[in-house]
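The values are calculated or read from the model by the stated rules, or taken from the named source; none is laboratory data. Model, not experiment: these values are computed from the prediction. We place every Cβ from the backbone using ideal geometry, glycine too, and count neighbours over all the protein chains shown. Surface accessibility is based on the protein's heavy atoms, side chains included, excluding ligands, DNA and RNA. Shrake-Rupley method; radii C 1.70, N 1.55, O 1.52, S 1.80 Å.
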Amino acid sequence: MAKKSEQTVSMVDTFKEFKDTKNIDRTTLMSVLEDSFRSVIQRLYGSDENFKVIVNPDKGDFEIYRNRIVVEDGEITDENKEIELSEAQKIEADYEVGEEVSETIDFTKFGRRAILTLRQTLASKILDLEHENQYNKFKDRVGEIVSAEVYQVWKREVLLIDEDNNEFLLPKTEQISRDNYRKGEVIRAVIYKVSNDNNNPKVYVSRTSPDFLRRLLENEVPEIAEGLITIHNIARLPGERAKVAVESYDDRIDAVGACVGVKGARIHGIVRELCNENLDVINYTSNVKLFIQRALAPAQISSISLDEEKKKAEVYLKVEEVSLAIGRNGANIKLASMLTGYTIDVFRDIDEAEAEEDIYLDEFNDEIDQWIIDAIKGIGFDTAKQVLGAPRDMLINKADLEEETVDHLLEILKAEFESEE
């Protein structure tokens, strides 16, 4: 075996330690070491074909041998592959022309510059290998929940590190607004994206994704994990409210009851994890009208008109139910639309007596500009009471009108009926 310098021993020890730290398997590391040695040999001698590199995985050392053919003195054509008879006989006295001589190469003779190049090559290759391993480790784990410690909090993202020193990035856009992270705190999130741009793997996690809620439910509700209950859809306004549609494949199992648990035991832990996000669990049904009705709970619906081709639903409710259907800041109707896949418009239910007393919008053109009337009619409202029964936000957003314009419109319409009374 070649006598190794302190530089050589130090280099091998360094990469033995690197292997233990970065979880690169020993066989792969030794292969990278051999390839790196051969790269340097090829650079020094022009070819590595007649060299044998042996890396000892147990001791962490190596041996390099060069094989050359014995030729008559003065007949060498390639010094790297041939050796004169007189030189060969200095190694072994009985060597003859045509035989192969195997000699040990002292790595220290490569020089300090070659050793430095080798160390840099190894460092680069092992770093690339570690990056590749990291990417391969997580690329198929999208959708899994991970638990990790908050390591660093930045303005746009949070760096998390788990017990195996894997790094995760939690972007601001994937954080629940009520979350307040402290260094050292352990949090849970779901892997939603793994990138490997320029061989620089990054694992992104989310706490706002519907998949995060889905995985939490699977962890807390055994019937979901066992396939007895299916989650059909999830709609979330992270940190505020969420709706989940579930279905049981066993008549003996109440899907909603199983998800909520006795006295809410199963759901409470999830709600706490989501910063007290209100969670509504409803029974899924293929009956679209019934599904929309359940999605709009706690509001009680009078009737529903569907346009299945355009995925639109017109829902009629009593006056006192309209605000319940819409919810605070429109959250209930927004989640119901997300859950069912239908655009839902809410209308106040008007009985026949009220309808007879209604007034067409065109009759107000002496007080309201015609373009405003046309904008309101464009979203399906032709009469004054239809407008008064519609949510203010709907009139603003769907008719694309200024708040002041809508408020002025409503004042005129209300005044008409108040004067009649």
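Can we say E144 is open to solvent by less than 80 Å² (accessible area, probe 1.4 Å), closer than 25 Å to P210 by Cα, acidic (D, E) and in contact with a helix residue (DSSP H, G or I) (Cβ under 9 Å, 6 or more places away or on another chain)? Give the steps one after another, and end with the answer.
On the way: open to solvent by less than 80 Å² (accessible area, probe 1.4 Å): yes; closer than 25 Å to P210 by Cα: yes; acidic (D, E): yes; in contact with a helix residue (DSSP H, G or I) (Cβ under 9 Å, 6 or more places away or on another chain): yes.
In short, yes.
Restricting the search to the stretch 392-421, which residues are open to solvent by less than 20 Å² (accessible area, probe 1.4 Å) and either basic (K, R) or within 15 Å of D345 (Cβ to Cβ) (or both)?
L395, A399, listed by residue number.
Can you name every residue in the stretch 375-391 that is of a type in the set (A, V, I, L, M) and open to solvent by 20 Å² or more (accessible area, probe 1.4 Å)? Outline the logic, then answer.
Step one: filter the stretch 375-391 for residues of a type in the set (A, V, I, L, M), giving 375-376, 379, 384, 387-388, 390.
Of everything in the stretch 375-391, those that are of a type in the set (A, V, I, L, M) and open to solvent by 20 Å² or more (accessible area, probe 1.4 Å) turn out to be A375, I379, L388.
Could you list, in sequence order, all residues of the stretch 50-109 that are in a helix (DSSP H, G or I) and among the small types (G, A, S)?
Pass one, the stretch 50-109, residues in a helix (DSSP H, G or I): 85-91, 107-109.
S86, A88 - these are the residues of the stretch 50-109 that are in a helix (DSSP H, G or I) and among the small types (G, A, S).
In the stretch 84-103, what residues are in contact with a Leu (Cβ under 9 Å, 6 or more places away or on another chain) and under 11 Å from R68 (Cβ atoms)?
Answer for the stretch 84-103, where residues must be in contact with a Leu (Cβ under 9 Å, 6 or more places away or on another chain) and under 11 Å from R68 (Cβ atoms): just Y95.
Just give me the residues in the stretch 362-378 being outside any helix (DSSP H, G or I) and of a type in the set (S, T, N, Q), in sequence order.
Initial filter on the stretch 362-378 (outside any helix (DSSP H, G or I)): 365-369, 378.
Selection gives N365 alone.
Before we move on, is A93 crowded, with 16+ Cβ neighbours inside 10 Å, on the phi < 0 side of the Ramachandran plot, among the hydrophobic types (A, V, I, L, M, F, W, C) and modelled with pLDDT of 80 or more? First the steps, then the outcome.
Values: crowded, with 16+ Cβ neighbours inside 10 Å: no; on the phi < 0 side of the Ramachandran plot: yes; among the hydrophobic types (A, V, I, L, M, F, W, C): yes; modelled with pLDDT of 80 or more: yes.
For A93, the condition - crowded, with 16+ Cβ neighbours inside 10 Å, on the phi < 0 side of the Ramachandran plot, among the hydrophobic types (A, V, I, L, M, F, W, C) and modelled with pLDDT of 80 or more - is not met.
Working only within the stretch 379-421, note down all residues that are closer than 16 Å to I326 by Cα and not in a helix (DSSP H, G or I).
Passing the criteria: G389, A390, P391.
Need pairs with beta-carbon distance below 7 Å; first residue touching a residue at least 12 places away in the same chain (Cβ under 8 Å) and open to solvent by 60 Å² or more (accessible area, probe 1.4 Å) and within the stretch 66-86, second outside any loop (DSSP other than H, G, I, E, B) and of a type in the set (A, V, I, L, M); sequence gap 6+ or separate chains.
The qualifying pairs are E72/L85; D73/L85; K81/I69.
Looking at I350, I333, I344, can you tell me which residue is in contact with a Ser or Thr (Cβ under 8 Å, 6 or more places away or on another chain), surrounded by 15 or more Cβ atoms within 10 Å (Cβ to Cβ) and either at pLDDT 90 or above or over 13 Å from I292 (Cα atoms) (or both)?
On the way: I350 fails: in contact with a Ser or Thr (Cβ under 8 Å, 6 or more places away or on another chain); I333 fails: in contact with a Ser or Thr (Cβ under 8 Å, 6 or more places away or on another chain).
On inspection, the qualifying residue turns out to be I344.
Quick one: would you say D94 is more than 18 Å from the chain's Cα centre (by Cα), farther than 17 Å from R43 by Cα and free of Cβ contacts under 8 Å to residues at least 12 places away in the same chain? Write out each step before concluding.
Numbers: more than 18 Å from the chain's Cα centre (by Cα): yes; farther than 17 Å from R43 by Cα: yes; free of Cβ contacts under 8 Å to residues at least 12 places away in the same chain: yes.
Considered against the rule, which asks whether it is more than 18 Å from the chain's Cα centre (by Cα), farther than 17 Å from R43 by Cα and free of Cβ contacts under 8 Å to residues at least 12 places away in the same chain, D94 comes out as yes.
Considering only the stretch 353-381, state which residues are more than 46 Å from the chain's Cα centre (by Cα), modelled with pLDDT of 80 or more and more than 15 Å from E416 (Cβ to Cβ).
Residues satisfying the conditions are D369, Q370, W371.
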